[in-house]
Structure formats: structure tokens, C-alpha cells
Amino acid sequence: MNLKKLQTTNRPQKALRPIGMKLFAACALSLLSASSFAQKGFDFGIRLGAHASAMLNNTDQEAGKELDFAVKPAMAFGIGAGYNFNNHMGVGIDILYSSQGQGYKGNLDSTTTDGVYSQNIAIQAFANNIALNGDYTAKTTLSCLKIPILFRYGGDNTKKSYFSMFIGPQINILSGVKYTVNDKDAPTTDLSLKNEEAYNKTTFDAVLGLGAGFNLSSSLTLTAHLRLDYGLSDIENKNAKFELISSNNYYGTGRAATHNATGGLMVGLNYKLKQAAPKGKPQPAAKKK
């Protein structure tokens with residue numbers, strides 16, 4: 001009787017062993033699949049940033065008391081998408097609207113020498129009937145559409161948090177220009193030259209971002225980067241002329257190239273598209289001998 005009881009109690013334990021092995025294999029497979037989802041695949045999301053901007057020009061920097069620079073804070077926002085080759089490397093592209101430019105302050109009076117950019121500010125004020133004498137403030141605001149093409153590299157993106165960086169070229173398309181002098185709009189030169197004509201429509205930049213990524217869930221990732229970009233080409237159209245004063249160029253002779261530059265914090269919220277796991281035929285269970 002004892003032997004029969006022992007055999008009876010052993011039978012269900014033997015039956016549970018293959019079931020337990022199958023459950024273990026299924027769990028292991030699901031973990032491997034989840035890892036592969038996090039390692040590679042497409043993602044897309046939104047971008048939002050705040051930055052300080054400048055229009056860097058050697059001629060302006062040598063203008064003395066006529067012209068000094070003021071910090072111009074601005075914003076950028078847009079969308080982006082990318083593809084991770086593995087859990088460290090990938091590529092991406094963004095489409096960003098950026099408000100940027102340069103703030104100025106200085107002094108123009110009867111004793112001021114003829115500085116190049118301060119002369120342009122004086123023309124803007126004159127053409128828009130804005131009194132300009134003594135201390136003044138001015139601001140140039142450029143509305144740009146930026147399209148960076150990025151190589152992305154970082155730490156293990158399957159972790160809860162990881163190091164993240166990107167680098168690459170950027171196409172910068174000018175969509176609008178606005179001037180203000182002494183806090184008053186200067187919408188036109190009144191000399192048959194539109195504001196936008198004083199700048200090149202398309203320029204090229206270099207972009208660098210350093211920061212971190214945070215996996216909020218298996219599908220959502222938050223990124224935060226210190227983002228810097230610098231214009232590789234001159235934003236100003238040195239061939240711009242006043243049509244009503246054909247002998248006068250908008251920019252003075254010998255004026256240096258002007259380069260856009262921005263630096264600030266860019267955050268992104270990305271949704272990851274999980275790749276489907278490869279389908280495989282289940283292996284038949286081994287027959288008992």
C-alpha cells in the first residue's frame with residue numbers, strides 16, 4: 001500500500017516537469033524578445049527647447065561703443081524620427097522651427113564714427129521714422145526651419161537611464177526676418193529692399209548634442225540634451241542692394257561673414273515602434289522511451 005501511494009503521488013510530479021520547462025522557456029523567450037525590441041527599431045516624437053542665440057560677426061565685435069551685444073533668449077520646437085541599429089547606435093532626423101537672432105545695444109551720436117552694422121541699424125530707424133540718437137537698443141529676429149540629419153550614439157538604451165549624444169549636419173532654411181529698434185517694429189527699409197532679401201535663404205550648420213535618455217516605459221523614452229549648433233556659411237546676402245539707391249550696398253564693403261549660433265536645452269519625448277519577433281515553428285516534444 002505504501003508503494004502504491006508513493007507511485008500515485010509521484011505521477012503528477014512527473015507530469016508537471018515538462019509543463020514547468022515549457023513555462024520557463026516561454027518566459028526566457030519573452031525576455032529575449034523584449035530586449036530585442038528595446039535594442040533596435042524606429043522611433044518618433046516631439047521636440048521642445050529653449051536656447052540663447054547669436055549672430056557672430058568679427059566686424060560687429062570691433063565696432064566699439066556704437067555696438068554691443070545683448071543676450072537673445074528664444075525657443076525651438078518640432079518633431080523627429082529615427083532608427084536604432086542596436087542598443088548603442090542609430091540615426092535620426094528632426095524638423096524644427098527656431099526663433100533666433102541677435103540683440104544689440106550701443107550709442108549713436110554726432111561724434112560716432114561710421115560703424116558697419118550700426119549704420120544698418122540707423123538706416124532701419126530712418127526708413128521707419130524711428131528717432132535714433134544717443135543710446136539705443138535693437139534686435140534682429142530670424143525665423144528658421146532647421147532640418148538636422150543626426151548620427152546617434154549612447155550607452156545601453158535598454159537601461160532605465162543612459163548617456164546619449166548626437167552629431168551631424170543641419171540645413172537651415174530662413175522663413176522670416178523681423179527688426180526692432182528702440183522696442184519699435186521696423187518692418188521695411190522703405191528703400192525697396194525687403195528684410196528677407198538681406199539674408200541668404202538657405203545655409204548649413206553643424207550640430208552637437210550631449211545628454212541622457214530615460215526609459216519611462218517599454219515604449220516611451222524621454223531625452224534631454226545640451227544642444228549646440230553653429231552656422232558654417234554666411235547668413236548675410238552680401239549682394240543685397242537698395243533699389244532706390246543703386247550705388248549703395250546694404251552691407252558695407254569688407255564686412256566679415258556672419259554665422260548663426262545657438263546653445264540651450266532640448267528635450268524630446270519619443271515613442272518606440274517595437275519590431276515583431278521572428279516567427280519559428282515550435283519544436284515537437286521528445287517521445288518517452
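Taking (1) part of a strand (DSSP E or B); (2) of a type in the set (A, V, I, L, M); (3) touching a helix residue (DSSP H, G or I) at 6+ places or on another chain (Cβ under 8 Å) in turn, residue 132 satisfies each apart from (1). If the condition is being more than 18 Å from residue 165 (Cα to Cα) and hydrophobic (A, V, I, L, M, F, W, C), then the stretch 221-260 contributes 232, 235, 240, 242, 244, 245, 256, 257. Note on the stretch 128-153: residues that are modelled with pLDDT under 95 and farther than 21 Å from residue 203 by Cβ amount to 11. For the stretch 162-183: of the residues being among the small types (Gly, Ala, Ser) and at pLDDT 95 or above, which is nearest to the chain's Cα centre (by Cα)? Checked the stretch 162-183; the qualifying residue nearest to the chain's Cα centre (by Cα) is 168.
Restricted to the stretch 48-121, the set of strands (runs of 3 or more DSSP E) holding at least 1 residues that are at pLDDT 90 or above comprises 72-84, 89-108.
If you filter the stretch 204-221 down to residues that are touching a residue at least 24 places away in the same chain (Cβ under 8 Å) and among the hydroxyl-bearing types (Ser, Thr, Tyr), you find that the one that is nearest to residue 146 (Cα to Cα) is 221.
Assess whether residue 186 counts as being of a type in the set (A, V, I, L, M, F, W, C) and modelled with pLDDT under 85.
On the way: of a type in the set (A, V, I, L, M, F, W, C): yes; modelled with pLDDT under 85: yes.
Spelling it out, residue 186 is indeed of a type in the set (A, V, I, L, M, F, W, C) and modelled with pLDDT under 85.
The values are calculated or read from the model by the stated rules, or taken from the named source; none is laboratory data. Every value quoted in this text rests on a predicted model; they were computed, and no experiment measured them. Quick reminder, even Gly has a Cβ in these numbers, built from the backbone with ideal geometry, and neighbours come from all protein chains shown.
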